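Comments concern the structure below.
The values are calculated or read from the model by the stated rules, or taken from the named source; none is laboratory data. On a predicted model such as this, the values are computed, not experimentally measured, just so you know. Every residue, glycine as well, gets a Cβ built from its backbone with ideal geometry; the counts of neighbours run over all protein chains shown.
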Amino acid sequence: MLTSVRNPKVAAAIRLKKRAFRERDRAFLAEGAQAVGEALGRRGGLSALFHTDPAHPLVGTATEAGADVHHVSRDVMQRLTSTVTPQGLVGVAPFVDVTLERLGSPACVAVLHAVRDPGNAGTVLRSADAAGADGVVFSASSVDVYNPKTVRASAGSLFHVPVVREVETAEVTAALRERGCRVYAMAAAGETDLYHLDLRQPTAFLFGNEAWGLPSEATALADSTVRVPIPGRAESLNLAAAATVCLFEWARQRREGRRVALESVIAAAAHDIRSPLTAMKGFGYALSTRWDQMAVEQRDLMLQGIVYDTDRLNTILRQLVDAARLTAGTLDLFPEKVTVGSVVEQIARTVSRDPDHPGVELEGPDLEVFLDPERLLLVLEAFVESLVWWTNEGPVRVSAELRGDRILVRAFRRGTGLSADEAPRLFEPRAPGTGAGSKIGMWVALGVAEAQGGTARVEVQDGLRFELDIPSPDLLD
C-alpha cells in the first residue's frame, strides 16, 4: 500500500490536478467508479489506477487491461481527488480530444464559447451524449475540458462524445458551416423561438458564458440568434439547462422526422416487394404446369430467376428492418474484421444471376476494416443498385481507403443524366411508382452511415460516385 504523497507515482498523479502538468503529460484524472469504468471501456483506457479497495471489480478490470494499479491509503486518496467524500478510485487517462476535422459531417454539435464553469461544461457534455449529438467543441476561451470538476460532471460522457478543444469560435463556425451545419447562437433575447426551428438538418448550437452570454462578435458568426421560450416567471435558464433543452429538441425533431419518413418508406418497400413476388409467382406457376414441355435451359433460367428475386426480397426486408430500427433508435452494430473485397465479391455473385446486370468490381488494393459486415453490405448494395438505375456505362467499380482515422468506401460508374442538384435527392425515400430501383435503400444507407458517426454522399463527375465516410471503430475505441 502506498501511504505517502511523496511517492513519485502518487506525486505525478496529484500534479495532474493543475492544467500545466496535464498539458505537459497529456493526461488527466478520472475520479469515481463511473468515470473509471467508462475509461476502461475504450481503447487506451487508463495508464494507472489508484484505489483503496483491492476487492473492487474495476481493480481487476484495470489490471487485466494493463494499467499500473496501486493500492493507496485513504489519506493519499483524499489528496488525489477533488471531492469531500472520495469514492476510492482515481484513474490516470490519456487525453481523448480530437481534431475539428475528426468530427466529419456532424448532425449536431454543441459549441461552448467562453464557458468558464466546469460543472456547466461537464453537464453539457453529459446532455450531448444523452441526446446523441456528434460532438462538443470547447473554444480556446472556455474552461479546460480536463478540469477534474468538468470530468466529474460529465459522468463518463467525456469518454463517449468526441470533444474538440483549444480552437477559436470563428474557425469552428466556419468549418461547421462548410460541412452543411446551420449555426444557431443561443441568447435570452434571440430573434427566433427554439420550437419554431427545423432542426432536422445538420445543426450547431453556440452557447456563451454563464454570466454575460454571447458577445456580439460571436453572435455575428451564427446564422441566427435563438431563444428558449420561458412561459413562467424565471428570468432565464442556467446554461446547462438551456443546452439540455436545445439538444433534446434536436433529438426529438430528428426522431419524429424519421417516424414521418418511415410511413413513406413502408409504402415504398411494399411496392418494391410486389415486383419480385409477382415474378416468382409467374415462374413458379410456369414450372409447375409446363415442366415437361420445357427445355432444360428454360427451367434453369426460371430457377435462376427465382433465386435472384429471392435475393432481392431478402435485401428489401433487411433494409426495412433496419429502417424500423433506425427510427426507433435501436440499431445495434456488431463490428468485426472484414475485407471490403469479400463484400464486393458477395454482391458480384448475387447480381451475376441477372445476365443484364453490369458487373461489380473491386478497384485498387483490398482493405481490411473493422466494421459491421452486414451494414457494409447493405450500404454497398444500395450504392450499386442506384448506380445501375442512374448511370449507363461500364461496370460498377468499388474502392476503399483508410484516410487517417476514417474509412472511405466508394462506388462509381460512368454516364449519368443527373445534375449535381438532383443527385443528393437519391438519399430521400422515393414514392411508389417512380420506377427508379429501390425506393428505400439509399435512405437506409444514409441512416446506417450516420448511426456509425459518419455519412454517405454522392458526387456527379463523369458519372456518379457514392462515398461512405465513417470513423474507424478500432481507432475510436
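Would you mind stating whether Asp292 is over 16 Å from Asp354 (Cβ atoms), assigned by TED's automatic domain parsing to the domain that holds Gly447 and crowded, with 17+ Cβ neighbours inside 10 Å?
Values: over 16 Å from Asp354 (Cβ atoms): yes; assigned by TED's automatic domain parsing to the domain that holds Gly447: yes; crowded, with 17+ Cβ neighbours inside 10 Å: no.
In short, no.
Could you check segment 1-88 for helices (runs of 4 or more DSSP H) lying wholly inside it with 2 or more residues that are touching a residue at least 12 places away in the same chain (Cβ under 8 Å) and touching a strand residue (DSSP E or B) at 6+ places or on another chain (Cβ under 7 Å)? Outline the logic, then answer.
On the way: elements: 8-14, 19-25, 32-40, 57-64, 74-80.
Fully inside segment 1-88 and qualifying: 8-14, 32-40, 57-64, 74-80.
For (1) assigned to a helix (DSSP H, G or I); (2) not hydrophobic (A, V, I, L, M, F, W, C), each residue gets a yes or a no:
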site	(1), (2)
Val96	no, no
Val124	yes, no
Ser127	yes, yes
Val136	no, no
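Here is a yes/no grid of residues against (1) surrounded by 13 or more Cβ atoms within 10 Å (Cβ to Cβ); (2) without any contact (Cβ under 8 Å) to a residue 24 or more places away in the chain:
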{"position": "Leu287", "(1), (2)": "yes, yes"}
{"position": "Thr330", "(1), (2)": "no, yes"}
{"position": "Thr339", "(1), (2)": "yes, no"}
{"position": "Val344", "(1), (2)": "yes, no"}
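Take Thr244 and tell me if it is touching a helix residue (DSSP H, G or I) at 6+ places or on another chain (Cβ under 8 Å), buried (at least 18 other Cβ atoms within 10 Å of the Cβ), modelled with pLDDT of 85 or more and not assigned by TED's automatic domain parsing to the domain that holds Arg126. Show your work before the answer.
Numbers: touching a helix residue (DSSP H, G or I) at 6+ places or on another chain (Cβ under 8 Å): yes; buried (at least 18 other Cβ atoms within 10 Å of the Cβ): yes; modelled with pLDDT of 85 or more: yes; not assigned by TED's automatic domain parsing to the domain that holds Arg126: yes.
Criteria met by Thr244.
Which of the residues that make up segment 350-388 are farther than 19 Å from Leu317 by Cβ, assigned to a helix (DSSP H, G or I) and among the charged types (D, E, K, R)?
none
For Pro365, state whether it is in the same structural domain as Asp469 (by TED's automatic domain parsing), in contact (Cβ under 8 Å) with a residue 40 or more places away in the chain and within 24 Å of Leu408 (Cβ to Cβ).
Numbers: in the same structural domain as Asp469 (by TED's automatic domain parsing): yes; in contact (Cβ under 8 Å) with a residue 40 or more places away in the chain: no; within 24 Å of Leu408 (Cβ to Cβ): yes.
No, not satisfied.
I'm checking my understanding of the structure. Among residues of segment 315-349 that are within 14 Å of Val398 (Cβ to Cβ) and in a strand (DSSP E or B), which one is modelled with the lowest pLDDT?
Val338
With over 25 Å from Ala153 (Cα atoms) and out of contact with any helix residue (DSSP H, G or I) (no Cβ under 8 Å at 6 or more places or on another chain) as the only criterion, which of Ala220, Ala269 stands out?
Values: Ala269 fails: out of contact with any helix residue (DSSP H, G or I) (no Cβ under 8 Å at 6 or more places or on another chain).
Within the list Ala220, Ala269, the selection yields Ala220.
Considering Val360, Val396, Val444, Val344, which residue is of a type in the set (Val, Ile, Thr), out of contact with any Gly (no Cβ under 6 Å at 6 or more places or on another chain) and more than 30 Å from Asp300 (Cβ to Cβ)?
Working: Val360 fails: more than 30 Å from Asp300 (Cβ to Cβ); Val396 fails: more than 30 Å from Asp300 (Cβ to Cβ); Val344 fails: more than 30 Å from Asp300 (Cβ to Cβ).
Just a single option satisfies the conditions, and that option is Val444.
Quick check on this structure: which one of Asp354, Asp405 is farther than 26 Å from His271 by Cβ and among the acidic types (Asp, Glu)? Let's see the steps before the verdict.
On the way: Asp354 fails: farther than 26 Å from His271 by Cβ.
Result: Asp405 is the single residue among Asp354, Asp405 that is farther than 26 Å from His271 by Cβ and among the acidic types (Asp, Glu).
Could you grab me the full set of residues in segment 381-401 that are in contact (Cβ under 8 Å) with a residue 60 or more places away in the chain and either within 22 Å of the chain's Cα centre (by Cα) or surrounded by fewer than 19 Cβ atoms within 10 Å (Cβ to Cβ) (or both)? Lay out the reasoning, then the answer.
So the first thing to find is which residues in segment 381-401 are in contact (Cβ under 8 Å) with a residue 60 or more places away in the chain, and the list is 381-383, 386-387, 390-391, 393, 400.
Scanning segment 381-401 gives Glu381, Ala382, Phe383, Glu393, Ala400.
Kindly indicate which of Arg312, Arg318, Arg274 is assigned by TED's automatic domain parsing to the domain that holds Glu428 and loosely packed, with under 14 Cβ neighbours inside 10 Å.
Values: Arg312 fails: loosely packed, with under 14 Cβ neighbours inside 10 Å; Arg318 fails: loosely packed, with under 14 Cβ neighbours inside 10 Å.
Testing whether each residue is assigned by TED's automatic domain parsing to the domain that holds Glu428 and loosely packed, with under 14 Cβ neighbours inside 10 Å leaves just Arg274.
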